[in-house]
Structure formats: C-alpha cells, structure tokens
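*Asks:* Quick one: the structure is below, questions incoming.
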Amino acid sequence: MSSSNQPTIIQKFASELFGTWALTLFGPASVVTLASILGGGPAALFGIGAAFGFIVMIMIYSLGHISGTHINPSVTIALATIGRFPWKDVGTYIGAQIVGAIIAALCLRGFYSPEIAVNVHYGSTLPGSGISDGLAVVIEIVLTMWLLFVIMGVAVDKRASPGWAGFVIGMIVACDIWIGGPLTGASMNFARSLAPALAAAMAGDVLPLTKLWIYLIGPIIGGIIGAALYEYIFKPSKS
C-alpha cells in the first residue's frame, strides 16, 4: 500500500476516539440495563461479558484498519514499551481514548437517571465484597496480562491466521469479565473505568473516582507484562 493510502494521524485519533466512545458507552450501559433495569441475577454477568466482548469485536472489525483499535491506554502503553508502537503517537492515542471516554460519560449521564443507575454506579468498576484495593490491583494485573498476551498472539504477530483478531480479542475480554467481573469489575482499561466514574460523579456519587487509581496502575502493569511475555518468549516476526 502506498503511503498516500495510509491513515493520517487525525484519522487515527478519530478512530481511537470513536472506538473508545463505543466501548465505554455500550459496555457500562449493559451493566445499567442488565444489573439495574432488568434486575440482575446470574445471567446478567454473562450478558455483560458478552456485551463488552461484542462491542470490542465490532470496533476492531470496523476500525482496526485505521488505528489498530487499541481503545485502551494499557494496550497503547504496552505495545510502545516493547517497541511495537511508536512512542511519538502514544499521546495522540491516549488523548483520543480519554476524550472518547468523556463523551461516553456524558451520554451515560444523559441516558440514565440517578434513580436507575446510581445503585450500579453507572456501570463503574469497583472491588467486590472482600476484595482489598491491593488484591484488586493484582487481579487487574493478571486479567490485563491475558488480554495483551492474546492481542500479541492474534493481532500483532504476523504469523497469526488473518481475520480472527476481532473475534478472539472479544472473547478474551468476555472471559476476563466472566471471571473477574464480580471481583474487580474486570476493567483492564483505564478509559473503560473513567467513563462511568465520571457519569456517577455528575450524579453525586464520587466513590468510583476514589478507586480509579486501581484501574490505572493494574492494567498498565499487566499489559506490559502480557505483551513482554509473548514478545520475548515466542519472538513473533517483526516483518
């Protein structure tokens, strides 16, 4: 492909913004709908995991050819750390992801009244019952490690079978949520946690904001570990 056909940095910014907006709107909205409006129950966890997995898959297939569909600061930082993404573009990508999350926060606050959404904190991620903040960080490290390990295997390694990245990455997101959702909310993504935390704060619920540090530190560390494990154990082709 000639360089003139390559996406511009503005197009990449827009791609990350729209992709993150979709993820941080539809994902938390599924929590409000299934856990609050429809009353929750065991099936709600499956539905929430599926909703997150599907929206990630949809965005990858829709926008992956533009920006790679990171839609997650942990992905951007991890790939840059192991030399798979240029550091000069990290600020652009993370800036777009944060803007997308802020737009999603405004949508969540506008769509749902506090009476409907505040009991689930607008879909925020929080440590579950009996989970300390320190343990929550460790769980987020492990969950995000698996996410980046899979991303490396199906999307970054040029030896991977083409066409499967969106489906497989969506499935690891869903699996992480099915296991980690009751423990930490299974964020793996600071932007995912930021959007509903801001929406909740606009409704007077500041608890999720006080726990955001967990979902900044854990996913970044876990993402770097997962990407590095794949990169240096399996040595994927850089061609």
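The values are calculated or read from the model by the stated rules, or taken from the named source; none is laboratory data. Computed from a predicted model, the values in this text were never measured in an experiment. Cβ: placed from backbone, ideal geometry, glycine included. Neighbour counts: every protein chain shown. When the accessible area is computed, the model is the full protein with side chains, heavy atoms only, and any ligands, DNA or RNA have been set aside. Shrake-Rupley method; radii C 1.70, N 1.55, O 1.52, S 1.80 Å.
*Asks:* In deg cm²/dmol and to the nearest 500, what is the mean residue ellipticity at 222 nm of the chain if only DSSP H runs of at least 4 residues count, each as -39500 (n - 2.57), divided by the residue total?
*Replies:* -22500 deg cm²/dmol
*Asks:* Something else about it: Starting at the first residue of the range 107-116, write each ³J(HN,Hα) from the Karplus equation 6.51 cos²θ - 1.76 cosθ + 1.60 with θ = phi - 60°, in whole Hz, x for Gly and Pro.
*Replies:* Ordered by residue, 3J(HN,Hα) equals 5, 4, 5, x, 6, 10, 6, x, 4, 8 Hz.
*Asks:* Another one. So which residue, out of LYS88, LYS211, LYS158, gets the largest mean-square fluctuation from a GNM of the chain using Cα contacts under 10 Å as springs?
*Replies:* Evaluated over the chain, the most mobile residue of the options is LYS88.
*Asks:* Over the range 54-131, what is the relative contact order in percent, taking alpha-carbon pairs closer than 8 angstrom and at least six residues apart?
*Replies:* RCO, the range 54-131: 17 percent.
*Asks:* Sum up the lysine pairs in the chain that clear both bars: alpha-carbon distance under 26 Å and a spacing of 8 or more or different chains.
*Replies:* 8
*Asks:* Taking Cα pairs under 8 Å and at least six residues apart, what relative contact order does the range 1-116 come out at, in percent?
*Replies:* Relative contact order comes out at 43 percent.
*Asks:* Hey, another quick one. Label-point separation (nm) for SER113 and SER62, each offset 7 Å from Cα along Cα-to-Cβ?
*Replies:* 2.9
*Asks:* A follow-up question, please. Counting only C-alpha contacts under 8 Å and six or more residues apart, can you give the relative contact order of the chain as a whole percent?
*Replies:* Computed value for the chain: 30 percent relative contact order.
*Asks:* Quick one: angle between helix 133-151 and the longest Cα principal axis of the chain, in degrees between 0 and 90, rounded to 10, please.
*Replies:* Compared with the principal axis, the helix lies near 40 degrees.
*Asks:* Short version: ³J(HN,Hα) in whole Hz for each residue of the range 60-68, in order, from phi by Karplus 6.51 cos²θ - 1.76 cosθ + 1.60 (θ = phi - 60°), x for Gly and Pro, what are they?
*Replies:* Working through the residues one at a time gives 5, 6, 7, 10, x, 6, 9, 10, x Hz.
*Asks:* Most fluctuating residue of ILE37, ILE58, ILE48 in a GNM of the chain with Cα springs under 10 Å: which is it?
*Replies:* ILE37
*Asks:* Compute the helix-to-body angle for 9-31: its Cα long axis versus the longest principal axis of the chain, expressed 0 to 90° and rounded to tens.
*Replies:* Tilt of helix 9-31: around 30 degrees.
*Asks:* Between helix 165-184 and the chain, what is the angle of the helix's C-alpha long axis to the longest principal axis, kept within 0 to 90° and rounded to the nearest 10?
*Replies:* So the helix axis and the longest Cα principal axis differ by about 40 degrees.
*Asks:* OK, next. Compute the length gained on full extension between SER161 and ILE179: take 0.36 nm times their separation in residues and subtract their Cα-Cα distance, giving the result in nm to one decimal.
*Replies:* Net length gain for the segment: 3.8 nm.
*Asks:* A further question follows. For the chain, what % of the accessible area comes from carbon and sulfur atoms, probe 1.4 Å?
*Replies:* Of all accessible area on the chain, carbon and sulfur atoms account for 72 percent.
*Asks:* Springs between alpha-carbon atoms under 10 Å, Gaussian network over the chain: tell me which of VAL206, VAL142, VAL120 tops the mean-square fluctuations.
*Replies:* Top of the fluctuation ranking is VAL206.
*Asks:* Quote the charge dipole size of the range 123-239 about the Cα centre in Debye, to the nearest 20; the model charges only the Cβ of Lys and Arg (+1) and of Asp and Glu (-1).
*Replies:* Dipole magnitude for the range 123-239 comes out near 380 debye.
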